[in-house]
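For reference, the structure is listed below as structure tokens.
The values are calculated or read from the model by the stated rules, or taken from the named source; none is laboratory data. Remember, it's a predicted structure, so these values are computed and weren't measured experimentally. Glycine also receives a Cβ, built like all others from the backbone with ideal geometry; neighbour counts cover every protein chain displayed. Heads up: the accessible areas ignore ligands, DNA and RNA and are worked out on the full protein's heavy atoms, side chains in. Shrake-Rupley method; radii C 1.70, N 1.55, O 1.52, S 1.80 Å.
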Amino acid sequence: MASVSVRFYGSLNDFLPPPRRQSTLVCAFNESPSVKDLVESLGVPHPEIDVLIVAGQPVDFGYHVRDGDRVAVYPMIRDFDLGDIVRLGPPPQTESRFVADVHLGRLAAYLRLSGFDTKYRNDYSDEEIVAISASEDRVLLTRDVGVLKHGIVRRGYFLRETQPGRQLVEMVRRFDLGAGAAPFTRCLRCNSRLHAVAKDRVEDVLPLRTRKYYREFSRCPTCRRIYWQGSHYARMRLFIETAFATAGRDSRR
């Protein structure tokens, strides 16, 4: 029976059972599968892969493996010069845009709080988030590996962390979000950019104490929700600053 040798590098080992990590895997096959189908059958979704090398040469996902091939599979490594080797991943986004699956509602809120365009609904189907990711060129965020294996997904990321605060740190580190952060500029409810609004335009709907003690307000142009720097503001700002600082320390280790 024909077989190939496959070696996964770096963070791609997160998708393998512990006994199979950091080792060469020998895979038998009857018909010649595409290298995409081969690596995904081993548990690694294609959006996490940036470079495939077979017999010393770069190949794309459509390459069909042959008996005796040695396949090296690499993740995206930021700021690493690969020379003339073509990366399989799409080019970096000029502005980070995400769509989060139904299990990542708290992370979606944290990303919006930090100023990042993040689509989320708690009733999205897998097919909907896949279509949104593809049609709007958004990074699909999920804890479901199977969702990332849809063929039309070009940008996708599997969250390793399970706790939302740590997930935010992971996102900042993985997507280098520090420079693009703009806290308190998006609606936490619907993701639209907030617009400054004069107090006299919203005064009649403000709580009495808010009307008395606060002067600066923003309003969502979509859902009309009003924001101000209330008692929660300092706590939320500290949370964001701590998460971004932690990501910066982690990346320097």
Might you check whether a residue that is of a type in the set (D, E), assigned to a helix (DSSP H, G or I) and either open to solvent by 20 Å² or more (accessible area, probe 1.4 Å) or under 22 Å from S41 (Cβ atoms) (or both) occurs anywhere in region 135-144? yes
Options D14, D69, D60, D101; residue that is touching a Ser or Thr at 6+ places or on another chain (Cβ under 6 Å) and either of a type outside the set (D, E, K, R) or in contact (Cβ under 8 Å) with a residue 24 or more places away in the chain (or both): D101
For region 106-134, name all the residues that are among the polar types (S, T, N, Q), assigned to a helix (DSSP H, G or I) and either modelled with pLDDT under 95 or open to solvent by 20 Å² or more (accessible area, probe 1.4 Å) (or both). none
Kindly list, by first and then second residue, each pair from a residue in region 189-206 that is on the phi > 0 side of the Ramachandran plot to a residue that is surrounded by 11 or more Cβ atoms within 10 Å (Cβ to Cβ) and of a type in the set (S, T, Y), limited to pairs with Cβ atoms under 7 Å and residues at least 6 apart or on different chains. N191/T118
Can you name the residue in region 147-163 that is open to solvent by less than 40 Å² (accessible area, probe 1.4 Å) and without any contact (Cβ under 8 Å) to a residue 60 or more places away in the chain and, of all such residues, is nearest to E95 (Cα to Cα)? L159
Looking at (1) in a helix (DSSP H, G or I); (2) of a type in the set (S, T, Y); (3) under 29 Å from R249 (Cα atoms); (4) out of contact with any Leu (no Cβ under 8 Å at 6 or more places or on another chain), which one does T162 not meet, given that it meets all the others? (1)
Among the candidates V39, V54, residue that is out of contact with any Asp or Glu (no Cβ under 8 Å at 6 or more places or on another chain) and more than 30 Å from A182 (Cβ to Cβ): V39
Output the residues belonging to region 13-53 that are on the phi > 0 side of the Ramachandran plot and either open to solvent by less than 80 Å² (accessible area, probe 1.4 Å) or among the aromatic types (F, W, Y) (or both). G43
Kindly indicate the residue of region 210-226 that is over 10 Å from H195 (Cα atoms) and hydroxyl-bearing (S, T, Y) and also surrounded by the most Cβ atoms within 10 Å (Cβ to Cβ) among those meeting that condition. T210
